[in-house]
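The values are calculated or read from the model by the stated rules, or taken from the named source; none is laboratory data. No experiment lies behind these values; they were computed from the predicted model shown. Neighbour counts are summed over all protein chains in view; Cβ atoms, including those assigned to glycine, are modelled from backbone coordinates with ideal geometry. These accessible areas exclude ligands, DNA and RNA; they are computed on the full protein's heavy atoms, side chains included. Shrake-Rupley method; radii C 1.70, N 1.55, O 1.52, S 1.80 Å.
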Amino acid sequence: MSKTKFKKFAPPLEISEHDIIFWIGDLNYRIDLNIEEVKKCIRKSEYKSLIKQDQLYRQLKANSEVFKGFEEGLPNFDPTYKFDAGTDNYDTSEKSRVPAWCDRILWRGPGVKQLRYDSHPQLKVSDHKPVSSLFEIGVRVIDEKRYKRVYEDIMKKLDRLENDYLPQIKIDNTDLIFKDVKFIEPQIKVVTVANIGQIPVEFEFINKLDDPTYCKPWLKVTPCKSVILSGICCEIQIEVYVDKMTAAKLNSGEEKLEDILVLHLSGGKDSFITVGGNYLISTFGSSIEALVQLHGPIREVPVAELIQIEQPGSLSLVDITQDGGRLYMVPKEIWKMVDFLHKHGLDKEELFQQPGRNSEIQIIRDCLDTGKPENISDSLSVHSVAESLLLFLECLAQPVIPFEFYSRCLSTSNNLLLSKQLVSGLPDCHKNTFLYICAFLRELLLYADKNGLEIKFLATMFGECMLRPQKQLFTSASSREAVVKERRSKLREEEAKKAAFMYHFLSHDIELL
Amino acid sequence: MTAAIKPRTMKMALVGDINVGKTSLARMFIDGTFQARYQASVGLHFHTKTLRDPSVTIQLWDTAGTERYRSLLPHYTRDAVCAVLVYDISSRDSFDNVRSYWLDFVESHAIPNMVKFLVGNKADVDTREVSDYEAQMFATNHDTFFMETSAKFGTNVDNLFTEAAKAVIKAIPETQFENGGIRLEDLHRKHDRRCCLAHA
C-alpha cells in the first residue's frame, strides 16, 4: 500500500502525501475484556467503559507508530462483530467470539469534522454490521483573483529573469570617424565592449544581409569574435588601412570610407558600430588618364573634380588642350620616381629586390601628392623609391596595360610582332607610360655589371605590376586545396607569359609600327 | 494547473521613424517604465514578455529608426509574425513615412500572413498633426490593425500587444509559425528552463 501512487498528479502522489486521508476497514481490533463483561456493557450501552479497553483506542491514545496522526470519533453503537449472519445475535458458535469494534473509520488531516459515526444493525447479510460516518471537511479551493495575481507575478518574474539573463553589453563608442586617412597609413581606434550583464557574452561580427564578409576590405577588426566574462571589458581594435587593393576604388569615389559593423551577441541583441571618415585621395590608386591631366599636386584639386577626371573615358570627353592646357606624356609622379632612380640607382645592387622603408614610402607618397618638396628628397633610399614605383604601378586604377588588353597580351606573348601591334593600339597615355618604363629598364640593364640586374628578373617583376587581370586573385580565401593548387599552376603559367611579353620590350628598343 | 506551461513564442518587430517612441513602447510594455529623455537606439534589442490571455510569449524586437541602418533591418524583420508600424501623432512626417516607406518595407520582407499593426504613439501630446480618423482609414484600406497609444502614460500599451497576439494566433496557425523562421533552437532551451522553474 505504501507503494500506491496516484498518477493523475504530476508528480504522482503517494497516499501519505495527501492532505486528508480516510482509513475505512475491518481493522480487526478487539476489546480486552471477557465476553460477559463486554456483553454486560453492551446491554447497558456503556460504550465509554468498553472503548477504554479497545486496542485501537489505546493505540491511538498512546500515540504509537501505528496509525500515527489518525483520529477516530467515539463509537456510540454496539460492537459490529461477530454476529450470526442473518441475525442480530452475537456469535453463538463454539468459538463464541467476544464482540468487538472491528469495523472502523479513521481520518487524518486538518479541517475534518465528524458529524455522525453510526452502525447499521438492520443489515444482517454479514457477520459484521456495517458502519458509516458523515464528515464535514474543508477543501482548499483556488481564489481565482489571487491565483491570477500570483500567476502574473510569477510570469513577470520569469520574464524578468529571462530578460536579465540575456547578454548585455555596453559599447563606449559606436560611431568611429577616421579623419584624413592616407594611403598605406593605418589608423586604429579602440572600442571598449563591457559585459554589463550577468552571464558571459559571446560576440561576433556578422555579415550584413547578403554581404560575403562582415566588413569592407579596407577595414580590420581584432578580435572579430570572442567571449567576455560578466563584468569584464574587451578592447576591440578597429583598423582602417587602405592598400593597393582598395585605393583605386576610394580614389574614383566608387567606394567610400563608410561601413557598418554588426556586433552580434549569441542569443542576444545586435549592436551597430558605424565607421566613417574621409580618405585623402592619393596619386597612388589614381588612373593614368587622370594623372596626365593633373598639373598641380593632387591634394590641391577639389575632390569632385578628381572624381570627374577619374571616370573612365574622361580624357576623350573633354579636350583640355583646347583651353590651352596640355597633357603630360606620362604621369609626372612616375617621371619623378624614375628620374630619382636614374640619378641615384643605376649602379645600385639589388635594386627592386631590397625592400624600402615604410616611413620613407610614406614620405614619397606625400611628396608626390602634395608637391612638397617638389622633387623626391635626395636623402631617401633608392630602395624606398624603387618599391614606391612598383607600388605605384600596382595601384593604378587601370594597369599600364589596361584590363581589356590583358588576355590578348598573354596570348600574343610569344610573338614579337603581335605584341608590338598590341602596344601600339593602347591609349596614348598608357602606351607612353609603358614605353617610358621599358626604356628606363633597358637603361638599367646597361649597368648590369654594376647593379647585377637580369633581364628575366625585370621582365617578371614589371610584368606582374603592369599586366593585371580585372579580377583580384585573392577573393575566395576559403577555396579547397585542389582549387588552390589549380589556381597556383595557372598563376605560374600567366606569370611566365607576362614575363615573355615584357621580355620583347626589354631586349630591344622596339620601333612601334 | 490550467495555464499552459509552454506558451507559444511570437516575434514582433517595432519599426518606424526615429523618435516616434518605439523603444518607449517596448519599455512600457516590458517593465512598465518610461524615460522622457530621448536616446537613439543603435542596433537591435529584444525583450520577452509572457501574456496570460492569450497565453503567449512575445519576443519584442526594437529596431533602430535611423536612416543609415535601414539597409540592415530586413535581417531582423523578415521572420517576424507581426510588424508594429509606429508613428508619432504629432508628426505628420512620421505618418507619411509609414505610408510611403515603412508599410512597403515590412511587406517586402515579410512572412506570408504577417500581422500589421499601425500605432499612433504619443497620444498624450496635444499638438496632434494626424487625426485618428485618417489613420484608421489608412489602416482599413491596407488590411492593418490600428490603435493609438501613449507610451508615456501606458495608455493602450498592453492592449496593443494583447490584440496583436490575438491577431497573430488567428492569422498564423502555430504549425506554420513553427516553420516561420523563428530561431527555435534558441527558444527551446529557454522553455525547458521555464518548465523547471514553474514547478519549483
Discussion item. Only protein chains counted, 1.4 angstrom probe. Which residues of segment A:193-211 are at least 50 Å² less accessible in the assembly than when their chain is isolated?
Written reply: A:Leu209
Worksheet, complete the sentence: Of every hundred units of 1.4 Å-probe accessible area on the protein assembly as shown, the number belonging to carbon and sulfur atoms, as a percent, is 51 percent
Worksheet item: Which percentage, to the nearest 5, of the DSSP beta bridges contained in the protein assembly as shown is antiparallel?
Response: 65 percent
Practice prompt. Mind putting a number on the dipole of segment B:8-187 about its Cα centre? Charges go on the C-beta only, +1 for Lys and Arg and -1 for Asp and Glu, and I need it in Debye to the nearest 20.
Written response: 340 debye
Worksheet, complete the sentence: Output field shielding_mean for B:62-70 (other chain Cβ, 10 Å radius) holds 2
Worksheet item: What does the accessible area per residue of the protein assembly as shown come to in Å², with a 1.4 Å probe and no ligands, DNA or RNA counted?
Response: 52 Å²
Fill in: Set of lysines with alpha-carbon distance to A:Lys336 below 17 Å, sequence-local pairs under 8 removed
A:Lys372
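Residue separation times 0.36 nm, minus the C-alpha to C-alpha distance between A:Asp428 and A:Lys157: what's the value?
Result for the pair: 89.9 nm of gain on full extension.
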Practice prompt. Could you give log10 I(q)/I(0) at q = 0.21, 0.23, 0.31 Å⁻¹ for segment A:7-65, computed by the Debye formula over C-alpha point scatterers of equal weight, without solvent?
Written response: -0.90, -0.99, -1.22
Worksheet entry | Between segment A:405-446 and segment A:174-253, the Cα center-to-center distance that results, in Å | 42 Å
Response to the item:
Expressed as a percent, the portion of alpha-carbon pairs in segment A:101-183 spaced more than 21 Å apart is 70 percent
Worksheet item: For A:Ser2 and A:Phe135, what is the calculated FRET efficiency with R₀ set at 35 Å and r taken between the beta-carbons, to the nearest 0.05?
Response: 0.90
Discussion item. Let's test the formula: R0 of 25 Å, r as the Cβ-Cβ distance of A:Lys490 and A:Leu445. What FRET efficiency results, to the nearest 0.05?
Written reply: 0.25
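Of the peptides B:80-88, A:413-421, how do they stack up when ordered by the mean number of other Cβ atoms within 10 Å, highest first?
Per-residue Cβ counts within 10 Å, averaged per peptide and sorted highest first, yield B:80-88, A:413-421.
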Worksheet entry | Restraint check, A:Lys216/B:Lys116; A:Lys182/A:Lys332; A:Lys8/B:Lys166; A:Lys256/A:Lys431, Cα-Cα greater than 24 Å | A:Lys216/B:Lys116; A:Lys8/B:Lys166; A:Lys256/A:Lys431
Worksheet entry | Inter-probe distance in nm under a simple model that places probes 7 Å from Cα toward Cβ, at A:Arg149 and A:Glu94 | 7.4 nm
Worksheet item: Fully extended, how many nm does the chain gain between A:Asn76 and A:Ile21 (0.36 nm per residue separation, minus their Cα-Cα distance)?
Response: 17.6 nm
Worksheet entry | Cα-only radius of gyration and Dmax that characterise the protein assembly as shown, units Å | 45.3, 152
Discussion item. Which of the three applies to segment B:8-187, rounded, prolate or oblate, going by the alpha-carbon gyration tensor with a ≥ b ≥ c and a/c under 1.5 meaning rounded?
Written reply: rounded
Worksheet entry | Antiparallel content of DSSP bridges confined to segment B:8-187, in %, to 5 | 25 percent
Fill in: Spatial separation of Cα centroids for segment B:85-107 and segment B:1-71, in angstrom
18 Å
Practice prompt. Summarise the partner chain shielding of B:71-77 as one whole number: the mean count of Cβ atoms from other chains within 10 Å of each residue's Cβ.
Written response: 3
Worksheet entry | Accessible area buried at the B-A interface, both sides summed, 1.4 Å probe (Å², nearest 100) | 2700 Å²
Worksheet item: Using a Förster distance of 22 Å, how high is the FRET efficiency between A:Asn173 and B:Asp93, based on the Cβ-Cβ distance and rounded to 0.05?
Response: 0.15
Worksheet item: Once both labels are modelled 7 Å past Cα along the beta-carbon direction, what's the A:Ser359-A:Phe403 spacing in nm?
Response: 3.8 nm
Practice prompt. May I ask you to list the residues of segment A:228-271 whose amide nitrogen lies under 14 Å from a point 7 Å from Cα along the Cα→beta-carbon direction of A:Val303?
Written response: A:250-259
